[in-house]
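Chemist: Mind having a look at this structure? Questions to follow.
The values are calculated or read from the model by the stated rules, or taken from the named source; none is laboratory data. Predicted model, so just to flag it, every value in this text is computed and none were measured. Here the Cβ is made from the backbone with ideal geometry for all residues, glycine too, and neighbour counts use every protein chain on show.
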(Lines give C-alpha, C1' and ligand atoms only; values in the text may rest on other atoms or scores of the structure.)
Protein backbone atom coordinates (compact mmCIF):
# COMPACT_ATOMS: atom_id res chain seq x y z
CA UNK A 1 0.00 0.00 0.00
CA UNK A 2 1.26 3.46 -0.86
CA UNK A 3 2.32 5.73 2.04
CA UNK A 4 -0.47 8.24 1.27
CA UNK A 5 -3.11 5.55 1.57
CA UNK A 6 -1.54 4.22 4.76
CA UNK A 7 -1.71 7.74 6.23
CA UNK A 8 -5.39 8.05 5.27
CA UNK A 9 -6.14 4.62 6.75
CA UNK A 10 -4.35 5.57 9.98
CA UNK A 11 -6.29 8.87 10.17
CA UNK A 12 -9.61 7.04 9.73
CA UNK A 13 -8.63 4.39 12.28
CA UNK A 14 -7.63 7.04 14.84
CA UNK A 15 -10.87 8.93 14.24
CA UNK A 16 -12.98 5.78 14.61
CA UNK A 17 -11.20 4.49 17.70
CA UNK A 18 -11.47 7.80 19.57
CA UNK A 19 -15.13 8.43 18.65
CA UNK A 20 -18.13 7.35 20.72
CA UNK A 21 -20.37 7.67 17.66
CA UNK A 22 -20.21 8.12 13.90
CA UNK A 23 -23.12 9.34 11.80
CA UNK A 24 -22.85 8.87 8.04
CA UNK A 25 -24.66 11.03 5.53
CA UNK A 26 -24.91 11.38 1.77
CA UNK A 27 -23.34 14.74 0.96
CA UNK A 28 -24.25 14.67 -2.73
CA UNK A 29 -25.54 18.06 -3.87
CA UNK A 30 -24.13 20.08 -0.96
CA UNK A 31 -22.24 23.25 -1.78
CA UNK A 32 -19.03 24.18 0.01
CA UNK A 33 -20.89 27.00 1.79
CA UNK A 34 -23.47 24.54 3.13
CA UNK A 35 -20.74 22.10 4.11
CA UNK A 36 -18.81 24.82 5.97
CA UNK A 37 -21.99 26.05 7.68
CA UNK A 38 -22.84 22.53 8.88
CA UNK A 39 -19.23 21.89 9.93
CA UNK A 40 -19.26 25.08 12.05
CA UNK A 41 -22.57 24.16 13.66
CA UNK A 42 -21.38 20.63 14.49
CA UNK A 43 -18.01 21.83 15.78
CA UNK A 44 -19.90 23.93 18.36
CA UNK A 45 -21.48 20.66 19.58
CA UNK A 46 -18.10 18.81 19.66
CA UNK A 47 -18.68 16.97 16.40
CA UNK A 48 -16.19 16.58 13.56
CA UNK A 49 -17.49 16.56 9.97
CA UNK A 50 -15.35 15.14 7.19
CA UNK A 51 -15.75 13.56 3.78
CA UNK A 52 -14.34 10.03 3.65
CA UNK A 53 -13.29 7.54 1.02
CA UNK A 54 -15.76 4.69 1.39
CA UNK A 55 -13.44 1.74 0.75
CA UNK A 56 -10.72 3.08 3.05
CA UNK A 57 -13.25 3.91 5.78
CA UNK A 58 -14.72 0.40 5.59
CA UNK A 59 -11.21 -1.05 5.85
CA UNK A 60 -10.44 1.10 8.92
CA UNK A 61 -13.71 0.05 10.59
CA UNK A 62 -13.08 -3.60 9.82
CA UNK A 63 -9.59 -3.31 11.34
CA UNK A 64 -11.15 -2.01 14.57
CA UNK A 65 -13.92 -4.63 14.64
CA UNK A 66 -16.72 -2.10 14.07
CA UNK A 67 -19.55 -3.04 11.77
CA UNK A 68 -20.87 -0.66 9.14
CA UNK A 69 -23.92 -1.34 7.01
CA UNK A 70 -22.77 -1.57 3.39
CA UNK A 71 -25.57 0.79 2.30
CA UNK A 72 -23.99 3.54 4.42
CA UNK A 73 -20.91 3.49 2.22
CA UNK A 74 -22.54 3.98 -1.17
CA UNK A 75 -22.02 7.29 -2.95
CA UNK A 76 -20.27 10.35 -1.52
CA UNK A 77 -20.13 9.96 2.25
CA UNK A 78 -19.64 12.53 4.98
CA UNK A 79 -19.09 11.36 8.55
CA UNK A 80 -19.76 13.18 11.79
CA UNK A 81 -17.83 11.72 14.69
CA UNK A 82 -17.11 12.75 18.24
CA UNK A 83 -17.48 12.01 21.90
CA UNK A 84 -20.25 12.96 24.28
CA UNK A 85 -23.98 13.20 23.72
CA UNK A 86 -24.91 11.77 20.31
CA UNK A 87 -28.48 13.10 20.59
CA UNK A 88 -27.23 16.70 20.38
CA UNK A 89 -25.37 15.94 17.14
CA UNK A 90 -28.30 13.98 15.70
CA UNK A 91 -30.63 16.91 16.49
CA UNK A 92 -28.24 19.38 14.86
CA UNK A 93 -28.00 17.30 11.69
CA UNK A 94 -31.78 16.81 11.64
CA UNK A 95 -32.42 20.53 12.06
CA UNK A 96 -29.96 21.40 9.31
CA UNK A 97 -31.49 18.78 7.00
CA UNK A 98 -34.97 20.26 7.57
CA UNK A 99 -33.63 23.74 6.81
CA UNK A 100 -31.44 22.98 3.77
CA UNK A 101 -32.80 19.62 2.59
CA UNK A 102 -29.32 18.10 2.76
CA UNK A 103 -27.46 15.99 3.88
CA UNK A 104 -29.42 12.76 3.89
CA UNK A 105 -28.50 10.54 6.84
CA UNK A 106 -27.57 6.99 5.82
CA UNK A 107 -26.80 5.45 9.22
CA UNK A 108 -23.92 5.27 11.63
CA UNK A 109 -22.15 3.57 14.50
CA UNK A 110 -22.83 3.97 18.21
CA UNK A 111 -20.16 2.23 20.25
CA UNK A 112 -19.76 -1.07 18.39
CA UNK A 113 -23.34 -1.20 17.11
CA UNK A 114 -24.33 -0.30 13.56
CA UNK A 115 -27.20 2.19 13.24
CA UNK A 116 -29.69 2.63 10.43
CA UNK A 117 -31.06 5.98 9.27
CA UNK A 118 -34.20 5.27 11.32
CA UNK A 119 -32.07 4.70 14.44
CA UNK A 120 -30.31 8.05 13.94
CA UNK A 121 -33.69 9.76 13.53
CA UNK A 122 -34.87 8.13 16.77
CA UNK A 123 -31.76 9.48 18.51
CA UNK A 124 -32.61 12.95 17.22
CA UNK A 125 -36.09 12.67 18.73
CA UNK A 126 -34.80 11.56 22.15
CA UNK A 127 -34.42 14.06 24.96
CA UNK A 128 -30.87 15.12 25.82
CA UNK A 129 -28.79 13.31 28.42
CA UNK A 130 -29.44 15.98 31.07
CA UNK A 131 -33.22 15.78 30.57
CA UNK A 132 -33.14 11.98 30.78
CA UNK A 133 -31.07 12.11 33.97
CA UNK A 134 -33.62 14.54 35.44
CA UNK A 135 -36.44 12.18 34.49
CA UNK A 136 -34.56 9.29 36.12
CA UNK A 137 -33.98 11.23 39.35
CA UNK A 138 -37.65 12.22 39.41
CA UNK A 139 -38.69 8.59 38.96
CA UNK A 140 -36.38 7.42 41.75
CA UNK A 141 -37.38 10.27 44.09
CA UNK A 142 -41.16 9.96 43.55
CA UNK A 143 -41.74 6.98 45.90
CA UNK A 144 -39.63 8.61 48.61
CA UNK A 145 -41.56 11.86 48.27
CA UNK A 146 -44.85 9.99 48.52
CA UNK A 147 -43.61 8.09 51.59
CA UNK A 148 -42.64 11.34 53.30
CA UNK A 149 -46.08 12.75 52.52
CA UNK A 150 -47.87 9.71 53.97
CA UNK A 151 -45.73 9.68 57.14
CA UNK A 152 -46.23 13.43 57.54
CA UNK A 153 -49.99 13.04 57.20
CA UNK A 154 -50.08 10.27 59.84
CA UNK A 155 -48.06 12.43 62.25
CA UNK A 156 -50.40 15.36 61.69
CA UNK A 157 -53.40 13.11 62.34
CA UNK A 158 -51.82 11.97 65.63
CA UNK A 159 -51.13 15.59 66.62
CA UNK A 160 -54.75 16.58 65.90
CA UNK A 161 -56.01 13.69 68.05
CA UNK A 162 -53.66 14.63 70.91
CA UNK A 163 -54.69 18.29 70.66
CA UNK A 164 -58.37 17.30 70.74
CA UNK A 165 -57.76 15.15 73.84
CA UNK A 166 -55.86 17.99 75.52
CA UNK A 167 -58.62 20.50 74.68
CA UNK A 168 -61.28 18.10 76.07
CA UNK A 169 -59.35 17.70 79.37
CA UNK A 170 -58.86 21.48 79.71
CA UNK A 171 -62.52 22.25 79.23
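Chemist: Looking only at the stretch 21-45, how many residues end up being exposed (fewer than 14 other Cβ atoms within 10 Å of the Cβ) and assigned to a loop (DSSP other than H, G, I, E, B)?
Modeler: Number satisfying all stated conditions: 3.
Chemist: Just wondering, is there one or more residues in the stretch 85-105 that are touching a residue at least 12 places away in the same chain (Cβ under 8 Å), assigned to a loop (DSSP other than H, G, I, E, B) and under 12 Å from the mean Cα position of the chain (by Cα)?
Modeler: Yes, the conditions are met somewhere in the stretch 85-105.
Chemist: Then there's this: Looking at 61, 71, 114, can you tell me which residue is assigned by TED's automatic domain parsing to the domain that holds residue 16, in contact with a strand residue (DSSP E or B) (Cβ under 8 Å, 6 or more places away or on another chain) and closer than 18 Å to residue 10 by Cα?
Modeler: That would be 61, the only listed residue that is assigned by TED's automatic domain parsing to the domain that holds residue 16, in contact with a strand residue (DSSP E or B) (Cβ under 8 Å, 6 or more places away or on another chain) and closer than 18 Å to residue 10 by Cα.
Chemist: Given the criterion closer than 30 Å to residue 91 by Cβ, out of contact with any helix residue (DSSP H, G or I) (no Cβ under 8 Å at 6 or more places or on another chain) and not assigned by TED's automatic domain parsing to the domain that holds residue 88, identify the matching residue among 158, 133.
Modeler: 133
Chemist: Being buried (at least 16 other Cβ atoms within 10 Å of the Cβ), assigned by TED's automatic domain parsing to the domain that holds residue 111 and under 30 Å from residue 130 (Cβ atoms) narrows it down to one residue among 92, 13; which is it?
Modeler: Being buried (at least 16 other Cβ atoms within 10 Å of the Cβ), assigned by TED's automatic domain parsing to the domain that holds residue 111 and under 30 Å from residue 130 (Cβ atoms) holds for just one of 92, 13, which is 92.
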